[in-house]
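The values are calculated or read from the model by the stated rules, or taken from the named source; none is laboratory data. Keep in mind that this is a model prediction, so the values were computed, not measured. Neighbour counts are summed over all protein chains in view; Cβ atoms, including those assigned to glycine, are modelled from backbone coordinates with ideal geometry.
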Amino acid sequence: MLEGLVSYCIIGHSERRNIFGESDEWVNKKAKALLAHGITPIICVGESLEQNQAGETVSFVRGQIEAALAGLTAAQVAGLVIAYEPIWAIGTGLTATAEDANEIIKTSIRDVVADLYDEATAQAVRIQYGGSAKPANIAGFMAQPDIDGALVGGASLQADSFVAMVAETARVLGNQN
């Protein structure tokens, strides 16, 4: 139904996983279906507060990535977008530090892609941070070497807030060139 209408589609969002019981296997099936129809999946992964506090973040997110990418080629994975959205930070006002988010993205996502495929694929895949990203913290996230962008939720619904985030991102990225 979406073919020709959209270029990207979010799958694996925590609300879909929690409310509708979508499993990692369903996320994988959706990724394959989207790719078959020329739509780029934005695959969301992330842990609960309990998992985070128990020190299970790395293993949990790694498992989500391995399951989501099962059966995909390196070329398909290189064109994906993956969003690390810690469940405990979505809509709560809580957020990971930029450094912590970068470390999770590096060890639980980018390193897993390199292990499953190769370093070129790991560098090509776009990995975003989501989870209470807002004007006050976006610069820190965008300055991190393994964070390629932000998946913005509630802050995108307020024009002034979103414009401020875009401006701050442009400022940070302009300083990196």
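Here are the numbers for this structure:
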| item | result |
| --- | --- |
| Gln128, sole failed condition from (1) over 22 Å from Cys9 (Cα atoms); (2) outside any helix (DSSP H, G or I); (3) among the polar types (S, T, N, Q); (4) at pLDDT 95 or above | (1) |
| Residue, modelled with the lowest pLDDT, within the range 91-118, restricted to residues that are surrounded by 20 or more Cβ atoms within 10 Å (Cβ to Cβ) and outside any helix (DSSP H, G or I) | Thr95 |
| Of all residues making up the range 75-90, the number that are assigned to a helix (DSSP H, G or I), surrounded by 17 or more Cβ atoms within 10 Å (Cβ to Cβ) and of a type outside the set (S, T, N, Q) | 5 |
| Filtered residues of the range 67-103 (kept if of a type outside the set (Gly, Ala, Ser), more than 14 Å from Ala31 (Cα to Cα) and touching a strand residue (DSSP E or B) at 6+ places or on another chain (Cβ under 6 Å)) | Tyr84, Glu85 |
| Test result for Ala122, in a helix (DSSP H, G or I) and under 21 Å from Asp100 (Cα atoms) | yes |
| Hits in the range 140-159 - residues which are touching a Lys or Arg at 6+ places or on another chain (Cβ under 7 Å) and outside any strand (DSSP E or B) | Asp146, Asp148, Ala155 |
| Filter result (part of a helix (DSSP H, G or I), closer than 14 Å to Ala67 by Cβ and either under 13 Å from the mean Cα position of the chain (by Cα) or at pLDDT 95 or above (or both)) within the range 1-50 | Asp24, Glu25, Trp26, Val27, Asn28, Lys29, Lys30, Ala31, Lys32 |
